[in-house]
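The values are calculated or read from the model by the stated rules, or taken from the named source; none is laboratory data. Keep in mind the model is a prediction, meaning the values are calculated, not measured. Because the Cβ atoms are built from the backbone with ideal geometry, glycine has one as well, and the counts that use them run over all protein chains shown. Only protein heavy atoms, including side chains, enter the accessible area calculation; ligands, DNA and RNA are left aside. Shrake-Rupley method; radii C 1.70, N 1.55, O 1.52, S 1.80 Å.
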Amino acid sequence: MNKIAVIGKVFVDIKGTSFAPLHKDAKNVGDISFSNGGTGRNVAQNLAVLGNDVRFISTVTNDQIGVGVLEELKSYGANVDHVEMLEDHGMGMWLAVMDNEGDLQTSISKQPDAKLLEEAILRQSVYALDGVDAVAIDLDVSVTVLERLIHVCRKMELPLYGVCGHLSIIERNRHLLQGFTGFICSREEAEILSDLSIVTVEDAIHVANELAKKGAPLTIVTMSELGAVYVDRRNATSGHVGTKKVKVVDSTGAGDSFFSAVLSELTDSKQAEDALKLGMKVAAQVIASTENGLIPEMLDTIR
């Protein structure tokens, strides 16, 4: 069983899905749901459901909602002993508006207290990384945290993988990607980081290679309906993995689930192409459901 430490934020997601095409100047009738989310929390859930020994490092607010987040993660098998409970602003809130096709149209994000989260991560990382096989981190944390984790993982010879919960931090500090073993981002994020355009699969491989030259040696770019590409400069390999078309119910969490499955396979010594194949299967299951991530009932279909 792979032992993986996951570092990132917790959010409560409030999602409104319209029954008909959205109109910004009219009342849109639809459905509203509440669920636990956040890139870090989603990755912890996905990895645990995939059978990994997960240690989650984060903060939640010390209230009924925060307790509920931890209880849900524990029900999936994740270790939450390294999640600190704060009296206020321990987690964020994400308000999302989806169209009748299940695609995200706009959102508003209330962030957890950045300084308190940083302090908690630095404290808990001293203990939580002992004995793990790999570390996954949401890049939407402070530069101090990223620099510290890069240093610690180098010293402990731990693979470090990054996923973009939000691009702003790493866009301003692109040099930090050099400290990562692997980095996964979307086509849009890759275009911003590389200052290059992606239209075709060949474009994506070229951009992934350019990013890998200056950043993580294993760089993966997801391209929605076109699948994903990878470049691994450690063994001079690259490739493309396609995806089957599925009916989109809710695209929230698809990127987190893809990242989780890829990381699970890579930590299990699988090749990048095989890791991407599982990532596509898992993401397809999540997209075709109302869930933010993988749940045990999906495993039979995936395997």
Out of the residues in region 86-97 that are touching a helix residue (DSSP H, G or I) at 6+ places or on another chain (Cβ under 8 Å) and part of a loop (DSSP other than H, G, I, E, B), which is farthest from Phe56 (Cα to Cα)? His89
Considering only residues of region 1-19 that are in a loop (DSSP other than H, G, I, E, B) and open to solvent by less than 50 Å² (accessible area, probe 1.4 Å), which is farthest from Gly66 (Cα to Cα)? Asn2
Taking region 141-163, which residues are outside any helix (DSSP H, G or I), crowded, with 22+ Cβ neighbours inside 10 Å and touching a residue at least 40 places away in the same chain (Cβ under 8 Å)? Val141, Tyr161, Gly162, Val163
Those residues of region 168-181 that are out of contact with any Pro (no Cβ under 8 Å at 6 or more places or on another chain) and surrounded by 17 or more Cβ atoms within 10 Å (Cβ to Cβ) come to a total of 6
Based on what the data block shows, is Ile220 open to solvent by less than 40 Å² (accessible area, probe 1.4 Å), of a type in the set (Val, Ile, Thr) and more than 23 Å from Ile192 (Cβ to Cβ)? no
Under 9 Å between Cβ atoms, which residue pairs at least 6 apart in sequence (or on different chains) link something in region 60-76 that is in contact (Cβ under 8 Å) with a residue 60 or more places away in the chain with a partner that is open to solvent by 20 Å² or more (accessible area, probe 1.4 Å)? Tyr76/Ile295; Tyr76/Pro296
State which residue is farthest from Leu86 (Cα to Cα) when the search covers only region 20-47 and only residues that are among the β-branched types (Val, Ile, Thr) and surrounded by fewer than 11 Cβ atoms within 10 Å (Cβ to Cβ). Val29
Residue that is nearest to the chain's Cα centre (by Cα) [pool: residues in region 200-213 that are within 21 Å of Leu266 (Cβ to Cβ) and open to solvent by 10 Å² or more (accessible area, probe 1.4 Å)]: Leu211
Looking only at region 252-285, which residues are over 13 Å from the mean Cα position of the chain (by Cα) and closer than 21 Å to Asn100 by Cα? Ala284, Gln285
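Could you pull out the residue among Val60, Val83, Val54, Val43 that is in a strand (DSSP E or B) and in contact with a Ser or Thr (Cβ under 8 Å, 6 or more places away or on another chain)?
Val83
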Is it the case that region 55-65 has a residue that's of a type in the set (Ser, Thr, Tyr), more than 20 Å from the chain's Cα centre (by Cα), surrounded by 14 or more Cβ atoms within 10 Å (Cβ to Cβ) and modelled with pLDDT of 95 or more? yes
Pair list, Cβ < 8 Å and 6+ apart or interchain, from region 263-284 residues that are more than 24 Å from Glu297 (Cβ to Cβ) to residues that are open to solvent by less than 20 Å² (accessible area, probe 1.4 Å) and of a type in the set (Asp, Glu): Ala272/Asp232
If Ser197 satisfies all but one of (1) surrounded by fewer than 24 Cβ atoms within 10 Å (Cβ to Cβ); (2) in contact with a Lys or Arg (Cβ under 9 Å, 6 or more places away or on another chain), what's the number of the condition it fails? (2)
Can Asn52 be described as over 24 Å from Asp113 (Cα atoms) and touching a residue at least 24 places away in the same chain (Cβ under 8 Å)? yes
If I ask for residues that are touching a strand residue (DSSP E or B) at 6+ places or on another chain (Cβ under 7 Å) and buried (at least 17 other Cβ atoms within 10 Å of the Cβ), which ones from region 114-126 would you list? Leu117, Ala120, Ile121, Gln124, Ser125
